[in-house]
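Some notes on the structure that comes next.
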Amino acid sequence: MAQNVAEKLISSHLESGSMTPGEEIAVRIDHTLTQDATGTLVMLELEALGLERVETETSVQYVDHNLLQTDEKNSEDHIFLRSAAARFGLWYSPAGNGVSHPVHQSRFGRPGVTMVGSDSHTCAAGALGMLAVGVGGLEVAMAMAGDPLYIDMPEIMGVELTGELPPWVSAKDVILEMLRRHGVKGGVGRIIEYYGDGLQTLTAMDRHVIANMGAELGATTTVFPADEEVRRYLDASDRGDDFTEIVADEGATYDHHDAIDLSTLEPLIAAPSSPGNVRPVRECAGEEVFQVVVGSSANPGLRDFAVVAEILDGAQAHRQVSLDINPTSREVLADLIAGGWLTKLVAAGARIHQSGCMGCIGMGEAPAQGRNSLRTMPRNFPGRSGTDEDSVWLCSPETAAAAALTGRITDPRDLDMEYPQVRLPERFSANRSMLIPPLPPAEAREVELVKGSNISSLPDFDPLPEDIDLPIALKVGDNISTDEILPAGSRVLPFRSNIPKISEFTFTQVDPTYAERAAAIEGGHAIIGGENYGQGSSREHAVIAPRYLGLRVVIAKSMARIHWQNLANFGVLALEFVEDSAYESLEQGDVLEFRNLREQLANSPTMTAEVDGRSYEFRHRLSTRQVEMVLAGGRIANR
């Protein structure tokens, strides 16, 4: 039977289950990716599992999120991560090497590989013909321990690309067009696969831009074929021998279909405060801009910086604009220097920051309150920038450069210049020596984990009881992100290894009283959510912190995939309303009375609870395996 690329990748790694949409499958994992904001918990989970050495082909621990060393916490965590990588057999990428996703693509990525990462933008590796899935940290730890990835078999959405992008339009506008059409839930339960003649005009790094923000569609992952463009990229990265062609068979079909004529696209922008709030730049033109940030995993390629440098060449950034540049890796920085582009950016007034995630995760570069900030980043959820009342817009490098020049949102096609043609080098800088390889097993066994005072152990969570009365401690609306459940930023993330401390920040952007109130409730509590609860980052802290405060059940209209899985991993029961009207009638302070809960969960996909004599029906989507995990108090307890 003819197969598309996604089916080829899954079938070649399928350990159990049927490739029927909705059925649980087990997929063998070749690579894992962890970063410092989530990786500290992963390493603590490996310790809790008693793992001797990772069993994957390649596992890499990156330090790219928490680079601001304003006190000892981040430095001590980096030392801990270095020791854990040495102990468990991982590669280690120190602070300053760059953002995990483009560095992994440059140094380790290759067609046909499966990968899980404790970062939702792991899907960016689909640019090379990989099956790369963002998951919670515990899923990554289990993959390192040799377990497969368990997921529900997604439907596959084929998107045919034709034509060629016009001047002043680039890859970011392609994914913004997908978000304009389908919104932040349009990819839920799906793999997005791009194909068609239009791919010939999109480089591997263009594809990285598109694949990266498939996470914003809610997709399980995004895949591209491994074709001549991928071969060209690997050759330029000094890794041509890693190329294997993987393309869809003639006659391959898809469960869903869309098509984009690239030649018809125009500059697009996502207005505050959602990646799905997309509109043409021309409709927003004239809005004052006070900050422009170029970089992040969503626009990490050399071209993305070079085109900004060429647009600004010989000019000065507008006097009211802070133009911030985050080179995404040491290699990109070296190529910007060699090509003369860094000099042009500096001369134009740009501020050059570290190679890393930085402003994308709210680690520095926080904008002024209520002042527009244009960013080439993947997310603009409320407060994610580090400023509570922020006004963040997502756009292409071309649109960002236009705003930097004019001080206003400007359609770059209106600039009085020809669209610059960027000539990239035939060979990119390739520096594998910046990565620390795994120690031999005998040496690794002698390594002790170095834990600073800010690193706590992973809490033990008790099994789910048979009968439980749960006050509703919080009721929230639609599209609540993990940034709103457990914020990132320079004030919070230094405590990522200290669960008791970081739990104090839970839901502070939604209800600053939640943490104190929840901790005071004896016997646990519940949370009520709307549609797409838990969208965004894969961070487990958004489950572990409220669980530490007593969270036992979340009931929502619908839930984002990674957060739903994380809830099960740590023994929190994730339920959905059978009737959405029940959401309206339940209020904060109501007490949900569950009886025979364990029996209900084990024997039926639906269950009931009573509130003041009224009966409510809920459903779960847990497999038999996941039910056992939740009953036991989480995946580690059930191993």
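The values are calculated or read from the model by the stated rules, or taken from the named source; none is laboratory data. The structure presented is a predicted model; accordingly, all values stated were derived computationally and were not measured. All Cβ positions, even for glycine, are placed from backbone atoms using ideal geometry, and neighbour counts span all protein chains on display.
So, restricting to strands (runs of 3 or more DSSP E) that lie completely within the stretch 196-279, which ones have at least 1 residues that are among the aliphatic types (A, V, I, L, M) and under 19 Å from ARG375 (Cβ atoms)? Write out each step before concluding.
On the way: elements: 221-223, 256-261, 268-270.
Output list reads 268-270.
Quick grid of which residues meet (1) in contact with a Cys (Cβ under 9 Å, 6 or more places away or on another chain); (2) buried (at least 24 other Cβ atoms within 10 Å of the Cβ); (3) farther than 21 Å from HIS104 by Cβ; (4) not aliphatic (A, V, I, L, M):
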{"residue": "GLU160", "(1), (2), (3), (4)": "no, no, yes, yes"}
{"residue": "HIS182", "(1), (2), (3), (4)": "no, no, yes, yes"}
{"residue": "ARG190", "(1), (2), (3), (4)": "no, yes, yes, yes"}
{"residue": "TYR194", "(1), (2), (3), (4)": "no, yes, no, yes"}
{"residue": "LEU202", "(1), (2), (3), (4)": "no, no, no, no"}
{"residue": "THR221", "(1), (2), (3), (4)": "yes, yes, no, yes"}
{"residue": "VAL230", "(1), (2), (3), (4)": "no, yes, no, no"}
{"residue": "THR244", "(1), (2), (3), (4)": "no, no, no, yes"}
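So GLU576 fits all but one of (1) among the acidic types (Asp, Glu); (2) closer than 29 Å to ASP612 by Cβ; (3) out of contact with any Ser or Thr (no Cβ under 7 Å at 6 or more places or on another chain); what number is the exception?
(3)
Would the stretch 407-426 turn up any residue that is touching a residue at least 60 places away in the same chain (Cβ under 8 Å) and either assigned by TED's automatic domain parsing to the domain that holds LEU33 or closer than 30 Å to TYR514 by Cβ (or both)?
No, there is no match, as no residue in the stretch 407-426 is touching a residue at least 60 places away in the same chain (Cβ under 8 Å) and either assigned by TED's automatic domain parsing to the domain that holds LEU33 or closer than 30 Å to TYR514 by Cβ (or both).
Any chance the stretch 467-486 includes a residue that's closer than 22 Å to ASN74 by Cα and not in a helix (DSSP H, G or I)?
Scanning the stretch 467-486, I find at least one residue that is closer than 22 Å to ASN74 by Cα and not in a helix (DSSP H, G or I), so the answer is yes.
Can you confirm whether SER11 is closer than 30 Å to ALA252 by Cα and without any contact (Cβ under 8 Å) to a residue 40 or more places away in the chain?
On the way: closer than 30 Å to ALA252 by Cα: yes; without any contact (Cβ under 8 Å) to a residue 40 or more places away in the chain: yes.
Spelling it out, SER11 is indeed closer than 30 Å to ALA252 by Cα and without any contact (Cβ under 8 Å) to a residue 40 or more places away in the chain.
Are there any pairs with C-beta distances below 8 angstrom linking a residue in the stretch 595-607 that is acidic (Asp, Glu) to a residue that is modelled with pLDDT under 95, with the two at least 6 apart or on different chains, and if so which?
Between residues of the stretch 595-607 that are acidic (Asp, Glu) and residues that are modelled with pLDDT under 95, the close pairs are GLU599/GLU466.
Can you tell me which of VAL289, VAL332, VAL278 is within 16 Å of ALA404 (Cβ to Cβ), in contact (Cβ under 8 Å) with a residue 60 or more places away in the chain and either crowded, with 20+ Cβ neighbours inside 10 Å or touching a Cys at 6+ places or on another chain (Cβ under 8 Å) (or both)?
Details: VAL332 fails: within 16 Å of ALA404 (Cβ to Cβ); VAL278 fails: within 16 Å of ALA404 (Cβ to Cβ).
Matching residue, one of VAL289, VAL332, VAL278: VAL289.
Report, by residue number, each residue of the stretch 5-54 that is β-branched (Val, Ile, Thr) and in a helix (DSSP H, G or I).
Start the filter on the stretch 5-54 by keeping residues that are β-branched (Val, Ile, Thr), which leaves 5, 10, 20, 25, 27, 29, 32, 34, 38, 40, 42, 54.
Across the stretch 5-54, the qualifying residues are VAL5, ILE10, THR38, THR40, VAL42.
Considering only residues of the stretch 537-592 that are assigned to a loop (DSSP other than H, G, I, E, B) and among the polar types (S, T, N, Q), which is surrounded by the fewest Cβ atoms within 10 Å (Cβ to Cβ)?
Taking the stretch 537-592 first, the residues assigned to a loop (DSSP other than H, G, I, E, B) are 537-540, 549-550, 557-558, 560, 570-572, 578-580, 586-590.
Within this subset, residues satisfying the condition of being among the polar types (S, T, N, Q) are 537-538, 558, 588.
Details: SER537: 29, SER538: 31, SER558: 20, GLN588: 14.
Among residues in the stretch 537-592 that are assigned to a loop (DSSP other than H, G, I, E, B) and among the polar types (S, T, N, Q), the one surrounded by the fewest Cβ atoms within 10 Å (Cβ to Cβ) is GLN588.
State all residues of the stretch 511-536 that are touching a residue at least 40 places away in the same chain (Cβ under 8 Å), assigned to a helix (DSSP H, G or I) and not aliphatic (A, V, I, L, M); if no residue qualifies, say none. Write out each step before concluding.
First pass over the stretch 511-536, keeping only residues touching a residue at least 40 places away in the same chain (Cβ under 8 Å): 514, 517-518, 521, 523-536.
Filter again for assigned to a helix (DSSP H, G or I), leaving 514, 517-518.
The answer is TYR514, ARG517.
So which strands (runs of 3 or more DSSP E) stay within the stretch 89-184 end to end and still have 2 or more residues that are among the small types (Gly, Ala, Ser) and either assigned by TED's automatic domain parsing to the domain that holds GLU55 or in contact with a helix residue (DSSP H, G or I) (Cβ under 9 Å, 6 or more places away or on another chain) (or both)?
131-134
Being within 22 Å of HIS620 (Cα to Cα) and either under 19 Å from the mean Cα position of the chain (by Cα) or in the same structural domain as PRO275 (by TED's automatic domain parsing) (or both), is that true of even one residue in the stretch 569-581? Give the steps one after another, and end with the answer.
Step one: of the stretch 569-581, the residues within 22 Å of HIS620 (Cα to Cα) are 569-581.
From what is left, the residues that are either under 19 Å from the mean Cα position of the chain (by Cα) or in the same structural domain as PRO275 (by TED's automatic domain parsing) (or both) are 569.
So far as the stretch 569-581 goes, yes, one or more of its residues are within 22 Å of HIS620 (Cα to Cα) and either under 19 Å from the mean Cα position of the chain (by Cα) or in the same structural domain as PRO275 (by TED's automatic domain parsing) (or both).
Restricted to the stretch 421-471, and to residues that are of a type in the set (Ser, Thr, Tyr) and over 20 Å from LEU49 (Cα atoms), which residue is surrounded by the fewest Cβ atoms within 10 Å (Cβ to Cβ)? Spell out how you get there, then give the answer.
The initial filter retains those residues of the stretch 421-471 that are of a type in the set (Ser, Thr, Tyr), namely 429, 433, 453, 456-457.
If we keep only those that are over 20 Å from LEU49 (Cα atoms) too, we end up with 429, 433, 453.
On the way: SER429: 19, SER433: 7, SER453: 9.
Filtering first and then ranking leaves SER433.
Taking the options ALA171, ALA211, name whichever one is surrounded by 24 or more Cβ atoms within 10 Å (Cβ to Cβ) and in contact with a strand residue (DSSP E or B) (Cβ under 8 Å, 6 or more places away or on another chain). I'd like the intermediate steps shown before the answer.
Details: ALA171 fails: in contact with a strand residue (DSSP E or B) (Cβ under 8 Å, 6 or more places away or on another chain).
Exactly one of ALA171, ALA211 is surrounded by 24 or more Cβ atoms within 10 Å (Cβ to Cβ) and in contact with a strand residue (DSSP E or B) (Cβ under 8 Å, 6 or more places away or on another chain), namely ALA211.
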